[in-house]
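Everything on this sheet refers to the single structure shown next.
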Amino acid sequence: MTETPVISEILQRAAGGGRISPEEALLLYTDAPFHELGEAADTVRRRRYPDNIVTYIIDRNINYTNVCVTACKFCAFYRAPKHAEGWTHSTEEILRRCAEAVELGATQVMLQGGHHPDFGVEYYEELFSAVHSAFPDLVIHSIGPSEVLHMAKVSGVSIDEAITRIKAAGLASIAGAGAEMLPARPRRAIAPLKESGERWLEVMAAAHRLGVSSTATMMMGTGETNAERIEHLRLIRDVQDLAVGNGYEGSFRSFIPWTYQPENNHLKGRTQATSLEYLRLIAVARLFFDNVDHLQSSWLTTGKDVGQVSLHMGVDDLGSIMLEENVISSAGARHRSRLTELVQMIRDADRVPAQRDTEYRHMRVHWTPADDPTDERVQSHFSSIALPGGGAGRSLPLTPVNS
């Protein structure tokens, strides 16, 4: 690839904070020289975050059920209703897992599960209320637009009413779950029973209007075209423009692309995204999203080496030490990390590590190695569903602290 005058002008404009079009983003994605692309994206990061800080968070993904009626072709987690391997955890089990997470320093919990045919708004109200009452300082960053649509349908209420009620029950933030690929063709191919990309975005726009912020995600590698990847970015940017332009209390805090995992699902890895494709997408996203503050790398799906390289492609957040994770892990993601290792990854990339909260406020900045955490027990990603019944009653497999 050779940097042409046209590409050079686009890179310079984007690096300086100017807006680029989807067509220009596609040209950068396919044709811009890799190092120049990364340098432009990192210029944006440095301008936005001159303190050179890269953040992480400690949280736990707790799945309340694996029963689901959506049957997405890329998913290895779900079980159909009445399947012998289906399970639903009690509130007591979920609270026990929350307590373990808090003990290890978690500030956020992701409560997620399948689209259970019996779970309406009332179920989520009770669940969120129980967690919020028991752990008022534990932020509930949970579910996604798909779950909102499902619970609204089961209960026979509007999207606005469903969001308002679960917000009142304790939901603080909506996860970007279920975005996968938003353009119609690839979405129908991998999740024909799931809502359209337009409906997913409609729920996010409603949440933002009602004062609930969220994240935005993208799963790449299931056969979508380069143009469809960029179209996914455009759709998200347009919804963010709506939130910002109207002064909504909620908006997209960050964008989190990740790569499809090929094990134990119907797609069987016939198509996948390469590490280079992922890194180029990360860089283009930083240049394209002039209205989204943060960019998070998914080292869980790409590996820690690619995660570290992404810090030179515009990324300012390495995501979480997720004490438990089942959905992506069940599809083959095997990457694990201790908190101490994640912090060292950031430091080795010549960045300053900092623990953040859900809103990206810095809780602890590790300005020097002497400030780094030392608790070796804090590690990811324990997969409880490898055990019968979803691992009910099974505690996190902690290792002793090094002396």
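The table that follows gives values for the structure above.
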read-out	value
Restricting segment 177-193 to residues that are surrounded by fewer than 22 Cβ atoms within 10 Å (Cβ to Cβ) and not hydrophobic (A, V, I, L, M, F, W, C), the residue that is nearest to LEU235 (Cα to Cα)	PRO183
Where a residue in segment 300-313 is under 19 Å from LEU287 (Cβ atoms) and buried (at least 23 other Cβ atoms within 10 Å of the Cβ) and its partner, wherever it lies, is modelled with pLDDT of 95 or more and among the acidic types (Asp, Glu), with Cβ under 7 Å and at least six apart	MET313/ASP42
Single unsatisfied condition, ASP160 versus (1) assigned to a helix (DSSP H, G or I); (2) touching a strand residue (DSSP E or B) at 6+ places or on another chain (Cβ under 8 Å); (3) not hydroxyl-bearing (Ser, Thr, Tyr)	(2)
Segment 241-293, residues that are among the small types (Gly, Ala, Ser) and at pLDDT 95 or above	ALA243, GLY245, GLY247, GLY250, SER251, SER254, ALA283, ALA285
GLU277, sole failed condition from (1) touching a strand residue (DSSP E or B) at 6+ places or on another chain (Cβ under 8 Å); (2) over 13 Å from MET219 (Cα atoms); (3) surrounded by fewer than 19 Cβ atoms within 10 Å (Cβ to Cβ)	(2)
Matching residues in segment 320-347 - criterion: being aliphatic (A, V, I, L, M) and at pLDDT 55 or above	ILE321, MET322, LEU323, LEU339, LEU342, VAL343, MET345, ILE346
Residue match in segment 101-114 (condition: buried (at least 17 other Cβ atoms within 10 Å of the Cβ), of a type outside the set (Gly, Ala, Ser) and under 19 Å from VAL154 (Cβ atoms))	yes
Residue in segment 172-180 that is modelled with pLDDT of 95 or more and part of a helix (DSSP H, G or I) present	no
Flag if ALA40 is surrounded by 20 or more Cβ atoms within 10 Å (Cβ to Cβ), closer than 23 Å to SER298 by Cα and modelled with pLDDT of 95 or more	yes
The one condition in (1) in contact (Cβ under 8 Å) with a residue 40 or more places away in the chain; (2) out of contact with any strand residue (DSSP E or B) (no Cβ under 8 Å at 6 or more places or on another chain); (3) crowded, with 17+ Cβ neighbours inside 10 Å that PHE119 fails to fulfil	(2)
Residue in segment 219-233 that is surrounded by 22 or more Cβ atoms within 10 Å (Cβ to Cβ), touching a strand residue (DSSP E or B) at 6+ places or on another chain (Cβ under 7 Å) and in a loop (DSSP other than H, G, I, E, B) present	yes
Residue list for segment 59-76, filter: aliphatic (A, V, I, L, M) and buried (at least 24 other Cβ atoms within 10 Å of the Cβ)	ILE62
Test result for PRO136, part of a loop (DSSP other than H, G, I, E, B), at pLDDT 95 or above and either surrounded by fewer than 19 Cβ atoms within 10 Å (Cβ to Cβ) or among the polar types (S, T, N, Q) (or both)	yes
Leading residue by the ranking (farthest from TYR278 (Cα to Cα)) among those in segment 294-323 that are part of a helix (DSSP H, G or I) and within 15 Å of the chain's Cα centre (by Cα)	LEU300
Options ASP241, ASP290: the member that is among the acidic types (Asp, Glu) and part of a loop (DSSP other than H, G, I, E, B)	ASP290
In segment 122-131, residue farthest from LYS82 (Cα to Cα) [restricted to those that are touching a strand residue (DSSP E or B) at 6+ places or on another chain (Cβ under 9 Å) and touching a residue at least 40 places away in the same chain (Cβ under 8 Å)]	PHE128
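Residue-by-condition table, conditions (1) at pLDDT 95 or above; (2) on the phi > 0 side of the Ramachandran plot; (3) among the aliphatic types (A, V, I, L, M):
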| position | (1), (2), (3) |
| --- | --- |
| TYR29 | yes, no, no |
| GLU36 | yes, no, no |
| ARG48 | yes, no, no |
| ASN52 | yes, yes, no |
| ASP59 | no, no, no |
| ASN66 | no, no, no |
| ARG79 | no, no, no |
| HIS83 | no, no, no |
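The values are calculated or read from the model by the stated rules, or taken from the named source; none is laboratory data. All of these numbers come straight from a predicted model, not from anything done at the bench. Here the Cβ is made from the backbone with ideal geometry for all residues, glycine too, and neighbour counts use every protein chain on show.
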